[in-house]
1. Rank ASN311, CYS276, THR289 by how far each Cα sits towards the positive end of the charge dipole of the range 268-381 (+1 on Lys, Arg Cβ; -1 on Asp, Glu Cβ) and give me just the farthest.
2. With an 8 Å Cα cut-off and a minimum separation of 6 or more residues, compute the relative contact order for the range 142-214 in percent.
3. Scattering from the C-alpha atoms of the range 268-381 alone, worked out with Debye: what is log10 I(q)/I(0) at q = 0.19, 0.21 1/Å?
4. Quick check: residue separation of ARG83 and ASP49 times 0.36 nm, minus the Cα distance between them. What number comes out in nm?
5. Return the ratio Rg/(2.2 N^0.38 Å) for the chain, where Rg is computed over Cα atoms only.
6. So how far apart, in nm, are the two label points at VAL69 and LYS129 if each is 7 Å from Cα heading toward Cβ?
7. Taking 10 °C and 1.306 mPa s as the conditions, I'd like the Stokes-Einstein D for the range 45-189 in µm²/s, using the Kirkwood hydrodynamic radius from alpha carbon pairs.
8. Quick one: putting +1 on the C-beta of Lys and Arg, -1 on the C-beta of Asp and Glu, what dipole do you get for the chain around its Cα centre, in Debye to the nearest 20?
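Please treat every number below as a calculation from the coordinates, not as lab data. Source: prediction; values computed, not measured. As a convention, Cβ positions derive from the backbone with ideal geometry for all residues, glycine included, and neighbour counts pool all protein chains shown.
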Amino acid sequence: MSSIRPWRDIARRTSRQIMVGNVPVGGDAPISVQTMTNTLTSDPKATIDQIRRCEDAGVDIIRVSCPDVESTAALKQIVRASRVPIVADIHFHYKRALEAADAGAACLRINPGNIGSAERVKEVVNAAKANGCSIRIGVNGGSLEKDLLEKYGEPCPEALVESALDHIKLLQDHDFHEYKVAVKASDHFLAVAAYQQLADAVDCPLHLGITEAGGQRGGTVKSAIGIGALLWAGIGDTIRVSLSAEPEEEVRVGYEILKSLGIRSRGVRVVSCPSCARQGFDVIRTVQTLEERLQHIHTPISLSVLGCVVNGPGEARETDIGLTGGGAGKHMVYLSGITDHHVQDEGMIDHIVKLVEAKAAEIEAGATSVDDGHEARAILSR
């Protein structure tokens, strides 16, 4: 069946599906959003508090670092408290992987080639099998094996892919196939090229990310370009946006990337103008306030906020709720694309927040009223 808007279609790469706890990754599963805590894992209270904030932001899977025995000792409490699967981040000490698997980690982030002998790799694989853990192979342009750097002269797509394939073979040699792979780099050109090559070489799920992307503003742009380009090409099964910012901000940016591509939606999608001299109200401050006050909305809803009638009515026709600036402090509100009523400057933001909350409640309740705005107005009139 042909699509109504074929220019929006994304043909997703076919991959095997694995489980990270109760979250499917790959195949036809939704693309999941991940982040990583930055607290000491040995401090379970601080770590659980941070996990809660990430859960509120909508995280699907969360990773915690396990560099020492104190961290893996605290992991059992963290796993019990978390509402989402926990990935234990292991680098060099294979015993931390064994401890994390026994503590209930849903996935081990570990590169088999980094942990020593074949016997150690076998122990880790057996622990993963016994505890129902998947494994995430994480190749990084900043920590490539010495022999690959000598072979290629510098981090390059071929080197990242070769490293990934070497680690994959170690798992396959032990008949372990519940793995996903990342080939990250801070250079988004390098990362994208490596993921493209790897996508053609393997059928496992791919974990996307532009590592060490930077601060919240620059890192968001860099991640949106790199991760967005891959997702648009149909590559990727789970994502982590790496920012020098709080983990919950990574989650919000991840969802914004998915929303922008029409892949997955959560919360309010705001369409707003950059503002100009024609604006009937302060668009910039209005949008900032609305975004802050509507963070608690998880239901997918579209909201247009435009300062004047040049593009306002057209955008409002395409959104659930629309606000278009008018003269003398009197602005038009649209519900389901249709002009509905006016609102004054005073109390305008509170009014829009109530409309969005009412619409979310209507959608969540499964309302099927022909007049989409009727119930929202009824709630407001109480």
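1. CYS276
2. Relative contact order for the range 142-214 comes out at 32 percent.
3. Calculated log10 I(q)/I(0) at the listed q: -0.93, -1.15.
4. Result for the pair: 11.0 nm of gain on full extension.
5. 1.12
6. 2.8 nm
7. Result for D is 100 µm²/s.
8. For this selection, approximately 260 debye.
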